[in-house]
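**Student:** Sharing a structure with you now.
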Amino acid sequence: MSAVAENEALKGGEFLIKETQAQDIFIPEEFNEEQQMIADTCRDFLKTEVHPILDKIDKAETPELMSSLMDKAGELGLLGTAVPEEYEGFGMNFNTSMLVAEVLGAGYSFSVAQSAHTGIGTLPILYYGNEDQKQKYLPKLASGEWKAAYCLTEPDSGSDANSGKTKAELTADGKHYKINGQKMWITNGGFADVFIVFAKIEDDKNLTAFIVEKDFGGITMNEPEHKMGIKGSDTRQVFFNDCMVPSENMLSDRGMGFKIAVNILNVGRIKLGVAAVGGSKGVATQAVNYANERKQFGISIGRFGAIKHKLGEMATRIWVCESACYRAGQNIDDLIEKLKAEGKSDASAKLKALEQFAIECAIMKVHGSEVLDYVVDEGVQVYGGMGYSADAPMDRAYRDSRINRIFEGTNEINRLLIVDMLLKRAMKGEMDLMGPAGEVAKEIMSIPSFGNDDEGLFSAEKKVLKNLKKAVLMVAGAAVQKFMMKLSHEQEILMNCADMIIEVYTAESALLRLEKLIGIKGEEAMSLQKDMMMINLHNAVAKATAAGREAIQSFAEGDELRVMLMGLKRFTKIEPFNTKDARRRVADAMLEESKYVF
């Protein structure tokens, strides 16, 4: 595995076959004063406008309350951070919009409404609209004067989005498209002024996208859906009955709808991942507070090792996920700037950058949503019986979290996409996967090296990561050779490989963040962050080993099975480390300040 040459930017997915240097990644500690002020504005908004009325939001039977909150967010500029200044937005870079998504991620149902509006509701116009469409819609969307919704899913088309049956028929005079069809699970449906609607024209294979205004008529909807969680999010079925849409409101070209949907989902995925970080931080703080306040056997439960394990593990997973989110976000930002310098338009550069790092976007969606699910589940457990009470905060957190593993493509679909995109890029010659995989196959037949020639900070841990990458290449390479074109039918194996890839990317991100922090603040000041990196690295090795073993045992037999299992064992070696004490140290730091402190 080669180190990345100076000034050579890593392409999406290449983290698996190339080394990244700590100085080349962005870490959250590098956000500047202006960005921190934006984050503070978001925190203040949640504290003053959202958190005091969470019960009221969840019980609201009409959309007016959420709509009014969106109005207030628009007045503060929280809906226009990603919209360029020429369209009356703030034109912030991608990682700044990620920071907004993170902080507002602690806003429960409000965060869903805000992210749907600013993401899948606004970005299709920003990235694919013509100049007239951008001038007409973006200023009002950035200010919150108009709210947006995204109409893709249908009763018979969920993950298979391109199979939608909604039709768009060109009128005889060519001036309008008449849209008929049904959409479901439409966030913000009850108060949206603008809908991004996907429909098929005649017998087209692919969808076409349209910008549809509520005032065009022919739009009706059901009452709000009753959901397990995010009860304050206005979610409805929307019906289009001879809805007359001006021809000029077609978004991009005919048949481009599916591509628009896929590329916009890339943004939604990574934003969901980082929003989960914000939600997790809020829940962790509540759990730490309760652990300090709740007494059993005469002492605070936070003094018990079982509770410290939970708190330390919560913090570790949050910190690691945050590290990976902003690493990926900066990769996207850097490529945007590079492409713009080469002459691409702002919208074109953003689309290309997001497409390039679609693998990382899918990784962060899966990882972030599962970190949040872990944190809220353990949050309920810290609260004990009170955690199960609707009067305590964990009830809402637990229920609201669950949707994130379904939003923006289920985690199963995203796992399959991670591997599928990697293999497709390899087949197209965009990245060399099979070369390194072939080298690994040779290595497992050779005598292992017991020396460590590397020197420097975290050389042993970097070797662990390098070997974990070899384990992925060994398993995936063997699976490709075994099944060839039928590999897509082996979803369990693909998901095993995806789990290994996710662990590699997030563990490497945590290590690089720590290394960069030590370069800035010194090793002593980062002792707790080192604890979290080591806890996670051991977790990653254990998870990758289990996933690799399951995959190997599902397709290899005889000598091949024995050789691959020996190779897996070789590539998943790690020196012992006392994770119990490390978690206790991390938990104690939070208990001392009664909040998530990292």
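**Student:** Which residues, counting only those in segment 300-336, are of a type in the set (S, T, N, Q) and under 16 Å from the mean Cα position of the chain (by Cα)?
**Tutor:** 323, 330, 331, listed by residue number.
**Student:** Okay, moving on. Determine whether residue 31 is over 26 Å from residue 261 (Cβ atoms), of a type in the set (Phe, Trp, Tyr) and out of contact with any Lys or Arg (no Cβ under 8 Å at 6 or more places or on another chain).
**Tutor:** yes
**Student:** So which of 430, 490 is touching a Phe, Trp or Tyr at 6+ places or on another chain (Cβ under 8 Å) and in contact (Cβ under 8 Å) with a residue 40 or more places away in the chain?
**Tutor:** Selected residue: 490, the only one of 430, 490 that is touching a Phe, Trp or Tyr at 6+ places or on another chain (Cβ under 8 Å) and in contact (Cβ under 8 Å) with a residue 40 or more places away in the chain.
**Student:** If you don't mind, there's one more thing I want to ask. Taking the options 312, 298, 305, 278, name whichever one is of a type in the set (Gly, Ala, Ser) and closer than 30 Å to residue 149 by Cβ.
**Tutor:** 278
Conditions (1) buried (at least 21 other Cβ atoms within 10 Å of the Cβ); (2) under 21 Å from the mean Cα position of the chain (by Cα); (3) closer than 26 Å to residue 245 by Cα; (4) at pLDDT 95 or above, marked per residue:
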| position | (1), (2), (3), (4) |
| --- | --- |
| 42 | yes, yes, no, yes |
| 75 | no, no, no, yes |
| 82 | yes, yes, no, no |
| 121 | yes, yes, yes, yes |
| 129 | yes, no, yes, yes |
| 135 | no, no, yes, yes |
| 140 | no, no, yes, yes |
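**Student:** Let me ask something else. For residue 211, only one of the following conditions fails: (1) more than 23 Å from residue 256 (Cα to Cα); (2) among the β-branched types (Val, Ile, Thr); (3) surrounded by 15 or more Cβ atoms within 10 Å (Cβ to Cβ). What is its number?
**Tutor:** Condition not satisfied by residue 211: (1).
**Student:** Sticking with this structure for a sec: From the set of residues in segment 206-233 that are of a type outside the set (Ser, Thr, Tyr), touching a helix residue (DSSP H, G or I) at 6+ places or on another chain (Cβ under 6 Å) and within 23 Å of residue 124 (Cα to Cα), which is modelled with the lowest pLDDT?
**Tutor:** 206
Rundown of residues vs (1) in contact with a helix residue (DSSP H, G or I) (Cβ under 6 Å, 6 or more places away or on another chain); (2) within 18 Å of residue 83 (Cα to Cα), yes/no style:
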site	(1), (2)
302	yes, no
316	yes, no
319	yes, no
331	no, no
342	no, no
348	no, yes
361	yes, no
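**Student:** Something else about it: Here is a check on your reading of the model: is residue 145 out of contact with any Asp or Glu (no Cβ under 7 Å at 6 or more places or on another chain) and assigned to a strand (DSSP E or B)?
**Tutor:** No, not satisfied.
**Student:** Let me ask something additional. Suppose the filter is at pLDDT 95 or above, crowded, with 20+ Cβ neighbours inside 10 Å and aliphatic (A, V, I, L, M); does residue 265 pass it?
**Tutor:** For residue 265, the condition - at pLDDT 95 or above, crowded, with 20+ Cβ neighbours inside 10 Å and aliphatic (A, V, I, L, M) - is not met.
**Student:** Continuing with the same structure: I'd like to check something: does segment 154-161 contain any residue that is of a type in the set (Asp, Glu), modelled with pLDDT of 95 or more, farther than 20 Å from residue 219 by Cα and surrounded by fewer than 18 Cβ atoms within 10 Å (Cβ to Cβ)?
**Tutor:** No, because not a single residue in segment 154-161 is of a type in the set (Asp, Glu), modelled with pLDDT of 95 or more, farther than 20 Å from residue 219 by Cα and surrounded by fewer than 18 Cβ atoms within 10 Å (Cβ to Cβ).
**Student:** Of everything in segment 148-168, what is among the aliphatic types (A, V, I, L, M) and in a helix (DSSP H, G or I)? Give them in sequence order.
**Tutor:** 161
**Student:** Which of (1) outside the structural domain of residue 72 (by TED's automatic domain parsing); (2) closer than 19 Å to residue 191 by Cα; (3) among the small types (Gly, Ala, Ser) is the odd one out, the single condition residue 121 does not satisfy?
**Tutor:** (1)
**Student:** Restrict the check to segment 500-520 and report whether at least one residue is in a loop (DSSP other than H, G, I, E, B) and farther than 23 Å from residue 573 by Cα.
**Tutor:** The answer is no; no qualifying residue exists.
**Student:** Taking only pairs six or more apart or across chains, which ones have beta-carbon atoms under 8 Å, a first residue in segment 17-29 that is closer than 17 Å to residue 333 by Cβ, and a second residue that is modelled with pLDDT of 95 or more and aromatic (Phe, Trp, Tyr)?
**Tutor:** Taking only residues 6 or more apart or on different chains, the pairs are 26/326; 27/326; 28/326.
**Student:** Does segment 110-131 contain any residue that is touching a residue at least 24 places away in the same chain (Cβ under 8 Å), assigned to a helix (DSSP H, G or I) and charged (D, E, K, R)?
**Tutor:** no
**Student:** Taking helices (runs of 4 or more DSSP H) that fall entirely within segment 1-107, which contain at least 2 residues that are under 17 Å from residue 232 (Cα atoms)?
**Tutor:** Fully inside segment 1-107 and qualifying: 54-59, 64-75.
The values are calculated or read from the model by the stated rules, or taken from the named source; none is laboratory data. All values derive from a computational prediction rather than experimental measurement. Note that we place each Cβ from the backbone using ideal geometry, even for glycine, and neighbour counts take in every protein chain shown.
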